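For reference, the structure discussed in these notes is given below.
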There are 2 protein chains.
Amino acid sequence: MSGKKVNRVRKTTRQPRTDALRNRERLLVAAKAVFSAGGPEASQEAVARRAGVGIGTLYRHFPTREALFEAVYRREVDQLVDLAGQLQSEALPLEALRRWLRSNVEFVATKKGMAAALALAAHGSSELSAYSFERLTNALGMLLARAAAAGEIRSDIGPEDLLRALVGMCVIHDRPGWQAGALRLVDVLVDGLRSRAATARPGSAAPRQRQDTGRADRGSP
Amino acid sequence: MSGKKVNRVRKTTRQPRTDALRNRERLLVAAKAVFSAGGPEASQEAVARRAGVGIGTLYRHFPTREALFEAVYRREVDQLVDLAGQLQSEALPLEALRRWLRSNVEFVATKKGMAAALALAAHGSSELSAYSFERLTNALGMLLARAAAAGEIRSDIGPEDLLRALVGMCVIHDRPGWQAGALRLVDVLVDGLRSRAATARPGSAAPRQRQDTGRADRGSP
DNA sequence: TGCAAAGCGGAGGCATCCTCCGTATATCTC
DNA sequence: GAGATATACGGAGGATGCCTCCGCTTTGCA
C-alpha cells in the first residue's frame, strides 16, 4: 500500500544483471510451455523447475500468479502485433490479412491451455485485456486499412467487429474439427470482405512471396 | 472393512434420501453464488459453508472441482434453454429472438466470475462444452426457425454462427460499457437478420452504418 | 582487485484440496 | 411402531501448492 519502491531510473542505475535478464527470459519461455500444456492450474513450481531456477527467483520477477500470466500474455500479443507488421511489408494486402487471421487461430490451437489462462487473467485484470484488445485492434486495423486502400476489400468493416468474431470462433475450441472450421470461417470472412465493386486483381505481381511460416512462435529448447 | 463392496447389484434400489437431494440442491445454489462473486478460484470450503453442509458432503456429491463447475454450468445452460422455450410460446418471433439474445448478455453480466469458471470448466471437459454448445444451438435454432418461418428474418444464417458471435461479444466483458455495447450489438444483429427480401445481399447501394452484420457465414455446402 | 548491491535458491508458514472413517439419520420390513 | 441397515453427514488430517523471508553467491563498477 505504501509507496513501495520508486523505481526511478535516475542516479545509481546499474545495468540489470545479465543473469537476471537471462532468468526472466527463461521463465517466460517456461511459463508459456507449462501453461499451454497444463492449463492455468499448472503449478508455479513446475514453471520454475522447467526454467531451471528456484521458486524464489520466479517470485522476484513476477510477484503474483497474475503478474506471470500477464507477462506471458503481453508477449504473445506483442508477437501477434509484430507479425502484423511483418506481413504488412512482406505480403500482398489481402493475403497479409488472411494469414494474420489464420495465425490467430493457430495461436489458440497450439496453446489450448493458454486460452483458459487468458480468460482467467482477463477476469483478474481488466487493464490487461484492454491493453491487448487495443493493440490487436490497432494491428488488425492497419491490415484492414491497407487492404481497403488497395481496393481489395470493402472499407466499412471495423477491426473491433472482426476481432470479436475471431475471438468467438476461437473460444469454442474443444469440439473435434473446430480448427478446420475456424480456418474455413476465416476464408469465408475474407471472401466476404472482398469488395466486389473493386475488380479483384488476382495476384498480378508477386515477385517474392516469402515462404514465411507466419508463425509467431519462438523456438523452444 | 470387507474387501469389496458387492452391493452393486440393482435388486433393491432404495429411493434417494431426502436430505441428500436437499443438500445437493443447496450446494448448487451456493456454488452459483460463490463462483459468480468470487470467480473460479473461490474455495470449495466457502461453497460448503454457504450451503450449510460439511466439506465431506460437498465432495460426495461432486467428487472433483470440475464436477461442481460442470453441474452448475449445466443448470445455467438448462435455464437458458428453458427460457428459449418460454419465449417461443409467449412472444412474437422476432421479439423472442431479441429477448433471448439479450438474456444471454445479461447472464454474463450478472455472473462475471462464472464466465471465467466456465472457461475453466470447458477447458477441462470437452464433453461439457459440446453438450452446452449443442443445447444452446438447438434452442437458438428453434427461435431462428420460427422467426424465419414467419418471414421476419433471413433464413440463411445458422444458429452456430450467431452463437459464436454472441460468445465473442461476451468474452470481452471487462471494458467499461461493454454491456451496453453488447446489447446494442444484439440489436444490430437482429436488425441485420430482418429479411427485407429474404435474400437481401447488403453492400451495394446502402452506405448504412459501419456495423454491418451481413456476414454470410455458414460454410456448410 | 575489492566491495556492495543485486540476484539466487530453497526452507517453511499458511491456505486449500481431497480422503477417510466414525457417527447420525432416513428408509424398509415386519 | 420398532429394529435393522444402507445411506448420508461432517470434520480431522495428510498432501500439495502459494508465497515470504533470509543467508549465500554472483556481478557490475571503481
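Taking amide H atoms as placed 1.01 Å from N in the peptide plane, list the residues 5 or more away in sequence, or in a different chain, whose amide H sits under 5 Å from that of A:Arg194.
A:Arg154
Quantify how strongly other chains surround peptide B:40-49 by giving the mean number of their Cβ atoms within 10 Å of each of its Cβ atoms.
1
If amide hydrogens are placed 1.01 Å from N in the peptide plane, which non-local residues have theirs closer than 5 Å to the one on B:Lys111?
So B:Lys111 has HN proximity to no qualifying residue.
Summarise the partner chain shielding of B:156-165 as one whole number: the mean count of Cβ atoms from other chains within 10 Å of each residue's Cβ.
3
Residue by residue through region A:20-32, which ³J(HN,Hα) values in whole Hz follow from phi under the Karplus form 6.51 cos²θ - 1.76 cosθ + 1.60 (θ = phi - 60°), with glycine and proline marked x?
5, 4, 4, 5, 4, 4, 4, 5, 5, 4, 5, 4, 4
Once you average over the residues of A:187-193, how many Cβ atoms of partner chains fall within 10 Å of each Cβ?
3
Between A:Tyr131 and B:Arg60, with labels modelled 7 Å along Cα→Cβ, what's the label distance in nm to one decimal, could you check?
4.8 nm
Would you please put A:78-85, A:163-170 in order of how densely packed they are, using the mean number of other Cβ atoms within 10 angstrom per residue and starting with the highest?
A:163-170, A:78-85
Hey, fewest Cβ within 10 Å first, where do A:Lys32, B:Lys112 land in order?
B:Lys112, A:Lys32
Stick to Cα atoms and the Kirkwood definition of Rh, then tell me Rg/Rh for region B:18-63.
For region B:18-63, the value is 0.95.
Using a cut-off of 11 Å between beta-carbons, work out the net charge of the residues near A:Ala37 (Lys and Arg +1, Asp and Glu -1, A:Ala37 not included).
+4
List the distances, in nm and shortest first, from the label point of A:Glu134 to the matching label points in every other copy, placing each point 7 Å from Cα along the Cα-to-Cβ direction.
4.3
Excluding residues on the same chain fewer than 8 positions from B:Lys112, give the aspartates and glutamates whose Cα lies under 16 Å from its Cα.
A:Glu127, B:Glu41, B:Glu76, B:Asp174
Every read-out reported here was derived from the displayed coordinates using simple, explicitly stated rules and does not represent laboratory data. Bear in mind that the values here come from a model prediction, so they are computed numbers and not experimental data. Don't worry about glycine lacking a Cβ; one is built from the backbone with ideal geometry, like all the others, and counts go over all protein chains shown.
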